[in-house]
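What follows is a set of notes on a single structure, which appears directly below.
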Amino acid sequence: MYFIRPVGDMEFDDLNKEIREFCEKRNWSQYHSPKDLAIGLSTESNELLDIFRFKSQSEQLEMISNPDRQSEVEDELADVLFFLLRFADLHDIDLEDALEKKIEKNRERYPKEEYESSNRKYNE
Ligand SMILES: [Mg+2]
């Protein structure tokens, strides 16, 4: 069994409520179709990726330990989380349940004995 722990001192339900209120006050639900939320999720993920573009592994680690650069990463991770939670909330997807199912699927796809210290994909 896998349980999602509170994020900071907030539970996912609290975060969903805050995001819902934020969006309702701005009348943004009209812009939150599944496709547009998926685009938002992808766009924000790519903004996270862009921070590390062309950086060596040591430069990446140096950036993440620099408070100014780390805040850029935090911003993009928060944007990704916003779209992820908003998508799941609007379309009645239980993220905790979905994650538990996916981890179980991955346990079967990637048996420890066969995949320990391997980054090979299950279908390769
Ligand atoms: Mg962003």
### Flag for Ser42 being of a type in the set (Ser, Thr, Tyr) and at pLDDT 95 or above
yes
### Task
Determine which member of the set Leu77, Leu49, Leu41 is surrounded by 15 or more Cβ atoms within 10 Å (Cβ to Cβ) and part of a helix (DSSP H, G or I).
Leu41
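The values are calculated or read from the model by the stated rules, or taken from the named source; none is laboratory data. The shown structure was predicted, so the numbers you read here are calculated from the model rather than taken from an experiment. We place every Cβ from the backbone using ideal geometry, glycine too, and count neighbours over all the protein chains shown.
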